[in-house]
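Chemist: There's a structure below that I have some questions on.
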Amino acid sequence: MNQFWYYFKNGIINENPVLRLMVGICSVLAVSVKVENCLAMGAAVTFVTVCSSAVISSMRKIVPDEVRIPIFIVVISTFTTIVDLVMKAYMPPLSKAMGIFIPLIVVNCIIMARAEAFASRKPVLISIADALGMGIGYTLVITAIGVVRELFGYGSILSFPLLPKTYKGMMFMVFPPGAFLLIGIYIAVLNHLSRRKSK
Amino acid sequence: MKPMIKITFTLAIVCTLAAAGLAAVNQVTQKAIKENSQKELQESLVKIFPAAEHFESVSLPTPSAGNLKEGKDFSLLELYQAKQGDTKIGYVFKVGTQGYGGQITLLIAISTQDQKMMGMKILEHQETPGLGSEITSSRFLNQFLEKPLTDPYQLNQDIQALSGATISSKAIVRACQGVLTFLKEGANQ
């Protein structure tokens, strides 16, 4: 159980996928304009990561080395398609807002990287802990970016207006450069904090 | 020889299982997805054309009937006749137009009685979230509410483009022009 927590926390802070491993950044840049999209994207990515890691880890002994990558891709794309179909059926407005980025979870590097580097080598439970940590770490970062971008870009949070109507909105925050800048600031802050802690 | 058989076999089994799983999920969700889009269409028809009491699907005339430029940029998908009792009061067009991220499908309601565009509704799009996706906002769509058909329908003349989303705005204007051309062709014949 200790190990479970260790790997779970590892994904959130020490090896945060976005701020530390620098993977999965494309979807962070693209989707993080509104908090609602961030939460949905985070949930979808976490679901796909956890399910694929669990399946890949449980098959790790029977999968021949030569075809492991194609098999990972089949597993990941299966779960992504399931998420896409379920969202279309039961959450049509959200699925519409996310558009192309749900199917694109297939090529999200976080999932592939965790499958190759972790799940294919470790037991099932630990792989699930790792995937859960990675998914939640991703969700936290993308939401933290989304909060700032939606607040300054549209003057609202979760489509609920917070700033006065006269606020015109910062175009810069709506464009991907806004997300780039925020990612940079967050990385700097995280590095600063962890350096101070180790001193 | 032996490893090859094992590789092929494992890959085949994994793919079969994945396909079976997807087929099952598809079976469950298919009905809900279809119902959603049907319901959405009905609701949208009523919403953009409140004056009409019911809608009748009309089969589309063949593209060669007019010299309407059909193609990748613009296509007429479905046509509904709006009726109040027995009088025909207008049309709702379902059209596709090429946006920035793919095809945009939208409904355009035309009142032939008042010679006005009643409004439009975006059904599907893959535009950039936060920029092109603003074509669905009322701020943009209200420009088309009760707009006389004799207006020019030109970007930055009578239609304000969305900042940062010129291509998406152009796509919508192109759809309007396509529908207007279609109506004119029909009137001439």
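The values are calculated or read from the model by the stated rules, or taken from the named source; none is laboratory data. Keep in mind the model is a prediction, meaning the values are calculated, not measured. Methodologically, a virtual Cβ is constructed for each residue, glycine included, from the backbone with ideal geometry; neighbour enumeration extends over all protein chains shown.
Chemist: Tell me yes or no: at least one residue of segment A:5-20 is within 14 Å of the chain's Cα centre (by Cα) and under 18 Å from B:GLY130 (Cα atoms).
Modeler: no
Chemist: Inspect all residues belonging to segment B:153-162 and state whether any of them is surrounded by fewer than 21 Cβ atoms within 10 Å (Cβ to Cβ), in contact with a helix residue (DSSP H, G or I) (Cβ under 9 Å, 6 or more places away or on another chain), modelled with pLDDT of 85 or more and within 30 Å of A:CYS26 (Cα to Cα).
Modeler: Yes, that holds for at least one residue.
Chemist: Note down all Cβ pairs under 9 Å where the first residue falls in segment B:36-56 and is under 13 Å from B:GLU78 (Cα atoms), the second is aliphatic (A, V, I, L, M) and part of a helix (DSSP H, G or I), and they're at least six residues apart or on different chains.
Modeler: Here the result reads B:PHE55/B:LEU45; B:PHE55/B:VAL46, each pair linking segment B:36-56 to a residue that is aliphatic (A, V, I, L, M) and part of a helix (DSSP H, G or I).
Chemist: Moving to a separate point now. Consider B:ALA12 carefully, then state whether it is in a helix (DSSP H, G or I), more than 7 Å from chain A (Cβ to nearest Cβ), farther than 14 Å from A:VAL63 by Cα and more than 31 Å from the chain's Cα centre (by Cα).
Modeler: Values: in a helix (DSSP H, G or I): yes; more than 7 Å from chain A (Cβ to nearest Cβ): yes; farther than 14 Å from A:VAL63 by Cα: no; more than 31 Å from the chain's Cα centre (by Cα): yes.
The answer is no for B:ALA12.
Chemist: Any residue in segment A:68-78 that is surrounded by fewer than 17 Cβ atoms within 10 Å (Cβ to Cβ) and touching a Lys or Arg at 6+ places or on another chain (Cβ under 7 Å)?
Modeler: Checked against the condition, which is being surrounded by fewer than 17 Cβ atoms within 10 Å (Cβ to Cβ) and touching a Lys or Arg at 6+ places or on another chain (Cβ under 7 Å), segment A:68-78 yields no hits at all.
Chemist: Please go through segment B:15-35 and pick out each residue that is surrounded by fewer than 17 Cβ atoms within 10 Å (Cβ to Cβ) and within 7 Å of another protein chain (Cβ to nearest Cβ). I'd like the intermediate steps shown before the answer.
Modeler: First pass over segment B:15-35, keeping only residues surrounded by fewer than 17 Cβ atoms within 10 Å (Cβ to Cβ): B:15-17, B:19-24, B:26-28, B:30-32, B:34-35.
Across segment B:15-35, the qualifying residues are B:CYS15, B:GLY21, B:LEU22, B:ASN26, B:ALA32.
Chemist: Please go through segment A:97-120 and give me each residue that is farther than 10 Å from A:ILE56 by Cβ and not hydrophobic (A, V, I, L, M, F, W, C), ordered by number.
Modeler: If the condition is that a residue be farther than 10 Å from A:ILE56 by Cβ and not hydrophobic (A, V, I, L, M, F, W, C), then A:GLY99, A:PRO103, A:ASN108 are the ones that fit.
Chemist: Something else about it: Pairs, please: C-beta under 6 Å, at least 6 apart or cross-chain, first residue at the interface with chain B (Cβ under 10 Å from one of its Cβ atoms) and in segment A:29-45, second surrounded by fewer than 24 Cβ atoms within 10 Å (Cβ to Cβ) and outside any helix (DSSP H, G or I)?
Modeler: A:VAL33/B:PRO129
Chemist: Condition check: acidic (Asp, Glu), within 30 Å of A:VAL147 (Cα to Cα) and surrounded by 15 or more Cβ atoms within 10 Å (Cβ to Cβ). Does B:GLU124 satisfy that?
Modeler: no
Chemist: Please list, ordered by first then second residue, the pairs with beta carbon atoms under 9 Å, 6 or more apart or interchain, first in segment A:75-87 and aliphatic (A, V, I, L, M), second not in a helix (DSSP H, G or I).
Modeler: These pairs meet every condition: A:VAL75/A:MET59; A:ILE76/A:ASN108; A:VAL83/A:ILE102; A:MET87/A:ILE102.
Chemist: Also: Counting only residues that are within 20 Å of A:ILE111 (Cβ to Cβ) and either hydroxyl-bearing (Ser, Thr, Tyr) or over 20 Å from the mean Cα position of the chain (by Cα) (or both), how many does segment A:51-94 have?
Modeler: Going through segment A:51-94 one residue at a time, the tally reaches 17.
Chemist: Say we look at segment B:148-189 and pick out the residues that are under 20 Å from the mean Cα position of the chain (by Cα) and among the β-branched types (Val, Ile, Thr); which of these is nearest to B:LEU106 (Cα to Cα)?
Modeler: It comes out as B:ILE172.
Chemist: Filter segment A:88-106 for residues that are assigned to a helix (DSSP H, G or I), more than 9 Å from every other protein chain (Cβ to nearest Cβ) and touching a residue at least 24 places away in the same chain (Cβ under 8 Å) and give the result. Quick ask: steps written out before the conclusion?
Modeler: Initially, segment A:88-106 is screened for residues assigned to a helix (DSSP H, G or I), giving A:88-90, A:92-101, A:103-106.
Those left that are additionally more than 9 Å from every other protein chain (Cβ to nearest Cβ): A:93-95, A:103-106.
Correct list: A:LEU94, A:LEU104, A:ILE105, A:VAL106.
Chemist: On to the next question. Please work out which one of (1) surrounded by fewer than 17 Cβ atoms within 10 Å (Cβ to Cβ); (2) farther than 21 Å from A:ASN108 by Cα; (3) touching a residue at least 24 places away in the same chain (Cβ under 8 Å) is the condition A:PHE160 fails and give its number.
Modeler: Among (1) surrounded by fewer than 17 Cβ atoms within 10 Å (Cβ to Cβ); (2) farther than 21 Å from A:ASN108 by Cα; (3) touching a residue at least 24 places away in the same chain (Cβ under 8 Å), the lone unmet condition for A:PHE160 is (3).
Chemist: I'd like to check something: does segment A:127-138 contain any residue that is over 30 Å from A:ILE73 (Cβ atoms), in contact with an Asp or Glu (Cβ under 9 Å, 6 or more places away or on another chain), outside any loop (DSSP other than H, G, I, E, B) and touching a residue at least 24 places away in the same chain (Cβ under 8 Å)?
Modeler: There is no residue in segment A:127-138 that is over 30 Å from A:ILE73 (Cβ atoms), in contact with an Asp or Glu (Cβ under 9 Å, 6 or more places away or on another chain), outside any loop (DSSP other than H, G, I, E, B) and touching a residue at least 24 places away in the same chain (Cβ under 8 Å).
Chemist: Which of the residues spanning segment A:139-170 are at pLDDT 90 or above and assigned to a loop (DSSP other than H, G, I, E, B)?
Modeler: none
Chemist: Let me ask another. Hey, could you check segment B:127-146 for residues that are within 23 Å of A:VAL148 (Cα to Cα) and among the acidic types (Asp, Glu) and say which is nearest to the other protein chains (Cβ to nearest Cβ)?
Modeler: For segment B:127-146, the residue satisfying everything is B:GLU127.
Chemist: Which of the residues that make up segment B:127-146 are surrounded by 18 or more Cβ atoms within 10 Å (Cβ to Cβ) and either more than 29 Å from A:SER95 (Cα to Cα) or in contact with a Ser or Thr (Cβ under 7 Å, 6 or more places away or on another chain) (or both)?
Modeler: B:GLU127, B:GLY132, B:ILE135
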